[in-house]
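Chemist: I have a structure I would like to understand better, so I am pasting it below and will then ask my questions one at a time.
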Amino acid sequence: MKIRIPLLTTSVLSLLAFYSCDDDNDIVDPIMVEAPATYSFTRNNSSTVNFSGQTTRIEMSEATAQAFLNTSFTEAEIDGKFAHTQGSNDFDDPELNQSDKSVRSKVAASIDFFGSNSTASAAIKSDFDSFISRQVNEVFPAWNNTASKGVPGNLQQAGGGAVRYINGDGLEYNQAFAKSLIGGLMTDQMLNNYLSPLVLDEADNRLENDQKILAAGKNYTTMEHKWDEAYGYLYGAESTPATPVLNQDSFLNKYVASVEADADFTGIAANIYNAFKLGRAAIVAGDYELRDQQAQIIRENVSKVIGVRAVYYLQSGKAKLSSDKASAFHGLSEGYGFIYSLQFTREPNTNQPYFSRNEVQSMLDQLTAGDGFWDVSPATLDQLSDQISARFSFTTAQAAN
């Protein structure tokens with residue numbers, strides 16, 4: 001009889017040895033799966049890790065988000081960055097222009113959540129298109145005007161701080177776009193697509209992985225590559241992805257670092273990283289139960305990052321609401337995007353997000369009711385914060401640090 005166990009602690013191994021000696025007729029042949037020290041995997045002395053497509057999409061996402069703050073761009077030009085087609089000169093980087101990758105095509109495109117729901121996928125893609133259109137057609141024309149209730153324009157943070165460009169409700173579309181992309185692209189593709197057994201085990205992936213049959217022209221099995229692609233949506237902007245340092249992009253990588261820096265959540269970054277390593281090692285060893293256990297750990301912790309930051313920004317906005325509206329609106333705009341991203345989170349061992357699209361829309365409607373951020377109350381911000389915190393295993397006070 002063979003028993004596969006992760007190499008975790010000596011106590012686990014000791015327990016197994018005791019069990020083995022207890023019954024001479026039951027020969028235990030443990031297959032131990034040990035995570036490497038870093039996310040490094042090789043075959044024939046060459047790396048088997050590849051996620052270049054994810055790195056490209058992170059770079060395209062950065063360029064698209066930055067274009068929201070450059071009034072020289074037309075709506076069509078920003079649309080071109082978001083929905084790039086190979087060969088179009090949408091970017092300053094010629095390599096991005098020659099890429100066949102596109103950000104828009106992977107928004108709300110996971111197999112688990114949207115594989116049989118093209119209507120929801122199209123509606124979400126339309127939300128992102130709308131952020132671009134409204135920035136160009138509402139905010140760009142009012143770029144040099146002072147914003148006021150119901151009137152788009154700019155507001156400067158107290159003490160000569162940053163100038164924020166907002167719509168009539170006080171919402172920064174660039175923040176709504178970027179933070180919503182953390183859920184709509186990075187989280188959805190990671191948690192609900194590449195870590196899904198429907199993708200990892202698709203067709204003959206298990207058989208080929210067991211027999212070490214490599215993808216055509218590659219040094220990896222297809223299953224190894226799918227897991228690596230999930231890894232790339234978090235660590236693809238790192239200069240040395242095998243040993244990530246975090247805070248290397250404007251998206252999920254940055255906010256894992258932010259949550260890790262909160263003493264209430266210290267260790268969350270290691271939990272995610274270690275689960276990625278052990279899950280990848282499990283694939284190499286052909287231990288699919290252990291692989292899927294690590295996927296659940298990643299889902300729980302990445303989802304928590306989004307929940308924590310949603311509450312954090314609602315609370316930071318509340319703290320500045322009466323003294324510095326530009327700072328408050330900036331925080332609430334980031335909170336808007338993280339609330340939007342909640343619909344792409346994943347409760348472990350379920351096929352459901354922590355918040356449905358209808359629940360997310362209801363929270364956003366409360367946040368932007370009437371004149372939006374101009375007259376949102378502290379009580380509403382606390383109520384939304386508590387609603388999110390209660391769904392996760394933390395308190396509003398913990399996330400507000």
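Chemist: Mind listing the Cα extents of the chain along all three principal axes, in Å, largest one first?
Modeler: Answer, in whole Å and largest first: 81, 49, 38 Å.
Chemist: First measure r as the distance between the Cβ atoms of Thr74 and Ala203, then evaluate 1/(1 + (r/R0)^6) with R0 = 60 Å and state the FRET efficiency to the nearest 0.05.
Modeler: Once the sixth-power term is evaluated, E becomes 0.90.
Chemist: Can you pull the percent of the chain's accessible area that's carbon plus sulfur, 1.4 Å probe, other chains left in place?
Modeler: 47 percent
Chemist: Tell me the relative contact order for the chain as a rounded percent, counting alpha carbon contacts under 8 Å between residues six or more apart.
Modeler: This gives 17 percent for the chain.
Chemist: Shifting gears a bit: On a full-extension model of 0.36 nm per residue, what is the gain between Thr146 and Ala270, subtracting their alpha-carbon distance, rounded to one decimal in nm?
Modeler: Taking 0.36 nm per residue and subtracting the Cα distance, the gain is 40.2 nm.
Chemist: Add +1 for every Lys or Arg and -1 for every Asp or Glu among the other residues with Cβ under 10 Å from the Cβ of Asn205, and state the total.
Modeler: -4
Chemist: Sort out for me the Cα centre separation of the stretch 214-235 from the stretch 65-114, rounded to whole Å.
Modeler: First find each Cα centre; the distance between them is then 23 Å.
Chemist: Before I look further, what does the stretch 114-228 give for accessible area per residue, probe 1.4 Å, in whole square angstrom?
Modeler: 39 Å²
Chemist: Moving on to the next point. How big is Rg to Rh over the stretch 305-401, alpha-carbon atoms, Rh as the Kirkwood inverse-mean-distance radius?
Modeler: 0.97
Chemist: Oh, and also: Give me the number: length gained by fully extending Ile213 to Glu138, i.e. 0.36 nm times residue separation minus the C-alpha to C-alpha distance, one decimal in nm.
Modeler: 21.6 nm
Chemist: Setting aside same-chain residues fewer than 8 positions from Lys125, which lysines have a Cα under 20 Å from its Cα?
Modeler: Hits, sequence-local ones excluded: Lys81, Lys101, Lys106, Lys179.
Chemist: For a Förster distance of 45 Å, can you work out the FRET efficiency between the beta-carbons of Ser126 and Ala319, rounded to the nearest 0.05?
Modeler: 0.85
Chemist: Right, next: Using the scaling law 2.2 N^0.38 Å as the reference, what is the normalised Cα Rg of the stretch 229-354?
Modeler: 1.17
Chemist: Separate question: May I ask for the net charge around Asn50, where only other residues with Cβ less than 13 Å from the Cβ of Asn50 are counted and Lys, Arg are +1 while Asp, Glu are -1? Provide the component values of the computation, followed by the final result.
Modeler: Working: positive: Arg43, Lys218, Lys226, Arg280; negative: Glu224, Asp228, Glu229.
Net local charge, Asn50 excluded: +1.
Chemist: While we're looking at this one, here's another question. For Thr222, what is the net charge nearby, where nearby means another residue's Cβ is under 9 Å from its Cβ and Lys, Arg count +1, Asp, Glu -1?
Modeler: Computed value for this residue: -2.
The values are calculated or read from the model by the stated rules, or taken from the named source; none is laboratory data. Model, not experiment: these values are computed from the prediction. As a convention, Cβ positions derive from the backbone with ideal geometry for all residues, glycine included, and neighbour counts pool all protein chains shown. SASA here: full protein model, heavy atoms, side chains in, ligands and nucleic acids out. Shrake-Rupley method; radii C 1.70, N 1.55, O 1.52, S 1.80 Å.
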